[in-house]
Every structure is written in C-alpha cells, then in structure tokens.
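K.L.:
The structure is given below, and queries will be raised subsequently.
The values are calculated or read from the model by the stated rules, or taken from the named source; none is laboratory data. Model, not experiment: these values are computed from the prediction. Don't worry about glycine lacking a Cβ; one is built from the backbone with ideal geometry, like all the others, and counts go over all protein chains shown. Each accessible area value is taken on the protein alone, full model and side chains, heavy atoms only, with ligands, DNA and RNA left out. Shrake-Rupley method; radii C 1.70, N 1.55, O 1.52, S 1.80 Å.
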Amino acid sequence: TGDFASPLISQRVAAQEYDVIFHLAANPRVEYSVKYPALTTNENVQKTIELMSAAINNIDRFVFASSSACYGNVDQLPTTESCSPNPTSPYGLQKLVVESFGRLYSDLYNMDFAALRFFNAYGPGQDGSSPYSTAISAWCTKLKNGEPLGSDGDGTQSRDMVYVEDIASAMLATANHDERIGFGVFNVCTGQALENRQILSRLGELFPDAAVNHAPERQGDVKHTLGSYSLLNSVVGWAPKVSFWDGLDKTIDWWGLKEDS
C-alpha cells in the first residue's frame with residue numbers, strides 16, 4: 001500500500017520494527033490546501049495522528065517534517081523558533097496542529113518528538129508538473145518543455161531556499177542525536193533569502209530564449225521567509241553546506257537543461 005496510515009504500516013510500527021520514524025508524507029502545497037482544506041486536513045493531520053498513535057512506546061524518536069508555513073507573515077527576520085506562529089494557510093495550520101500533538105504526546109506518552117520546520121526545499125527529483133509545484137521545480141519543468149516561466153506577483157517575494165541534501169542531513173543529524181530531545185521544534189534553513197525575480201534573472205541569463213508569464217500573487221502565500229538555524233546547530237550540530245547558486249546548478253544539471261541550452 002502507498003498509504004502511510006494503512007493498517008499494515010501501523011502494525012509494523014506497533015510491532016517495534018522501526019527505531020525512528022521520518023514522517024515526510026503530506027499534501028504539501030499551500031495553494032492546494034487553500035482549495036481543499038478538508039481533504040488536506042485529513043491527510044496532514046488525521047492520518048499523521050494515527051501514525052503517531054501507533055508509535056506510542058514503540059519507537060525511539062519521531063522526526064516530523066514540519067514547515068516554515070507555521071509562521072505565516074512575521075515581522076522578525078531572520079525568524080527564530082521563539083516567534084509566535086500565525087499560519088496564513090490550512091497547510092501551515094495543519095503542520096502546527098501536528099506539532100501541538102507532538103508536544104502533547106511527549107508530555108502524555110513520553111514520546112521523543114522533533115519537528116523540523118523546513119523552509120523552501122528544492123533540488124533534484126522534485127516534481128514540477130503540477131499547478132501546485134514549488135517554484136524551482138516548476139521553472140525547470142517549463143524550461144525542459146520549452147514553455148514560458150511563471151512569475152506570481154511582482155517577484156519581490158523572497159525565500160530561504162534549502163537544498164535537498166541539507167534537508168536530508170538535518171533529518172539524519174536529528175535522528176542520530178544521542179541525547180533525548182523530548183519535544184523540540186527546529187528551523188531547517190540557510191539564513192539567507194533570495195527574491196524570485198533574482199532567480200528568474202539568473203535563469204534568463206542561462207536560458208536567454210525563456211519567456212516569463214506574470215500572474216497575480218497566490219492566495220495563502222507569505223511574502224518573505226528567512227530563518228535562523230542556530231537552535232538546531234546548538235542542539236545537534238547541524239548547519240547547511242550547499243549555497244543556493246550551487247544547488248541551483250546541481251538541480252539544472254539533474255534536469256539535463258544545460259545540454260538543451
């Protein structure tokens with residue numbers, strides 16, 4: 001089965017076949033959650049709680065893929081984990097609700113629960129074919145297909161972009177941390193942000209024939225994301241290693257776009 005909350009998966013978890021659960025499965029798009037709030041709440045909250053419940057007293061640590069969408073639009077940049085969350089989309093709220101259950105399960109059932117608030121993930125392997133795809137994957141798909149790139153709003157929205165290898169290393173560092181975490185929320189970010197128009201400008205230099213179609217801002221999107229990873233660094237010793245422009249080059253190579261340009 002492909003359902004992470006299926007009886008088979010729950011039975012395997014309850015049988016203590018796993019030491020650590022990395023929970024990344026979700027309906028992960030902000031705009032999609034705005035359009036389908038009930039459906040995505042079932043996937044992102046209800047089913048996740050079912051998996052967490054099967055894990056009570058049966059695993060060493062639950063590592064949950066949360067999101068910077070929990071913060072919403074914040075005044076403090078870089079954003080730290082002490083900032084009050086104020087999500088602007090069902091997706092952000094869903095992640096925050098699961099974090100709250102994580103705190104409760106830690107207190108009530110002694111579950112070791114770590115929520116990693118990913119900022120804007122990108123890199124090889126990311127699907128760019130959906131209307132709800134992330135910007136980098138969508139732009140790469142358009143370039144591959146010879147179609148115009150999309151730009152939402154005025155392009156000044158900025159994002160703290162985290163390369164997929166850095167996200168993987170953050171999860172492994174958290175899972176392998178020797179000391180008990182109890183309950184913890186940690187940013188996974190780079191501490192640097194780029195505007196969409198800066199990235200589009202670079203893509204325009206690399207692919208001069210690429211056109212850009214402009215569209216209104218997407219409902220539920222935040223204007224800026226920029227995080228601090230100092231807490232995760234202090235607890236598990238993690239820091240990002242891949243700069244955005246290096247990560248973009250690696251992603252472009254994976255798509256085979258340089259050969260086409």
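K.L.:
Give me the residue from the stretch 118-146 that is of a type in the set (G, A, S) and part of a loop (DSSP other than H, G, I, E, B) and, out of that set, nearest to S201 (Cα to Cα). Before the answer, list the steps.
P.N.:
Taking the stretch 118-146 as the starting set, the residues that turn out to be of a type in the set (G, A, S) are 121, 123, 125, 128-130, 133, 135, 137-138, 146.
Checking which are part of a loop (DSSP other than H, G, I, E, B) leaves us with 123, 125, 128-130, 133, 146.
On the way: G123: 19, G125: 23, G128: 19, S129: 22, S130: 23, S133: 20, G146: 17 Å.
Here the answer is G146.
K.L.:
Which count do you get for residues in the stretch 111-165 that are among the hydrophobic types (A, V, I, L, M, F, W, C) and touching a Lys or Arg at 6+ places or on another chain (Cβ under 6 Å)?
P.N.:
So in the stretch 111-165, the residues among the hydrophobic types (A, V, I, L, M, F, W, C) come out as 111, 113-116, 118-119, 121, 135-136, 138-140, 143, 149, 161-162, 164.
Okay, now just the ones that are also touching a Lys or Arg at 6+ places or on another chain (Cβ under 6 Å), so 149.
Residues meeting the conditions: 1.
K.L.:
Quickly run through the stretch 123-140 and pick out the residues that are open to solvent by 20 Å² or more (accessible area, probe 1.4 Å) and among the aliphatic types (A, V, I, L, M).
P.N.:
Selection gives A135, A138.
K.L.:
In addition: Could you check F186 against (1) under 20 Å from V74 (Cβ atoms); (2) at pLDDT below 95 and say which number it fails?
P.N.:
Against the list (1) under 20 Å from V74 (Cβ atoms); (2) at pLDDT below 95, F186 comes up short only on (2).
K.L.:
Which of the residues belonging to the stretch 205-261 are open to solvent by less than 50 Å² (accessible area, probe 1.4 Å), outside any loop (DSSP other than H, G, I, E, B) and small (G, A, S)?
P.N.:
A215, G227, G247
K.L.:
I've got another one for you. Tell me which of these G92 doesn't satisfy, since it passes every other one: (1) part of a helix (DSSP H, G or I); (2) modelled with pLDDT under 95; (3) among the small types (G, A, S).
P.N.:
Looking at each condition in turn, G92 falls short on (2).
K.L.:
Let me ask another. When the stretch 64-122 is examined, which residues are found to be buried (at least 23 other Cβ atoms within 10 Å of the Cβ), of a type in the set (G, A, S) and in contact with a helix residue (DSSP H, G or I) (Cβ under 7 Å, 6 or more places away or on another chain)?
P.N.:
S66, S67, A69, S89, G92, A114, A115
K.L.:
Just give me the residues in the stretch 15-42 being open to solvent by 50 Å² or more (accessible area, probe 1.4 Å) and in a helix (DSSP H, G or I), in sequence order.
P.N.:
E31, Y32, K35, P37, A38, L39, T41, N42 - these are the residues of the stretch 15-42 that are open to solvent by 50 Å² or more (accessible area, probe 1.4 Å) and in a helix (DSSP H, G or I).
K.L.:
Can V164 be described as of a type in the set (V, I, T) and either more than 30 Å from F62 (Cα to Cα) or open to solvent by 50 Å² or more (accessible area, probe 1.4 Å) (or both)?
P.N.:
It is true that V164 is of a type in the set (V, I, T) and either more than 30 Å from F62 (Cα to Cα) or open to solvent by 50 Å² or more (accessible area, probe 1.4 Å) (or both).
Let's see how each residue does on (1) of a type in the set (A, V, I, L, M); (2) more than 20 Å from F113 (Cα to Cα):
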{"position": "L172", "(1), (2)": "yes, no"}
{"position": "E179", "(1), (2)": "no, no"}
{"position": "F186", "(1), (2)": "no, no"}
{"position": "F207", "(1), (2)": "no, yes"}
{"position": "E217", "(1), (2)": "no, yes"}
{"position": "D221", "(1), (2)": "no, yes"}
{"position": "L226", "(1), (2)": "yes, yes"}
{"position": "D246", "(1), (2)": "no, yes"}
{"position": "L257", "(1), (2)": "yes, yes"}
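K.L.:
Condition test on P7, is it at pLDDT 95 or above and either out of contact with any strand residue (DSSP E or B) (no Cβ under 8 Å at 6 or more places or on another chain) or of a type in the set (D, E) (or both)?
P.N.:
Answer is no for this residue.
K.L.:
Does A38 fit the bill of being over 19 Å from the mean Cα position of the chain (by Cα), at pLDDT 95 or above, of a type in the set (A, V, I, L, M, F, W, C) and under 30 Å from Q157 (Cβ atoms)?
P.N.:
Details: over 19 Å from the mean Cα position of the chain (by Cα): yes; at pLDDT 95 or above: yes; of a type in the set (A, V, I, L, M, F, W, C): yes; under 30 Å from Q157 (Cβ atoms): yes.
Judged against the criteria, A38 is a match.
K.L.:
Condition check: at pLDDT below 95, open to solvent by 50 Å² or more (accessible area, probe 1.4 Å) and not small (G, A, S). Does D152 satisfy that?
P.N.:
No: the conditions fail for D152.
K.L.:
Take the residues in the stretch 48-63 that are touching a Phe, Trp or Tyr at 6+ places or on another chain (Cβ under 7 Å) and either of a type outside the set (A, V, I, L, M) or more than 26 Å from R12 (Cβ to Cβ) (or both), then tell me which one is least open to solvent (accessible area, probe 1.4 Å).
P.N.:
Among those residues, the one meeting the criterion is F62.
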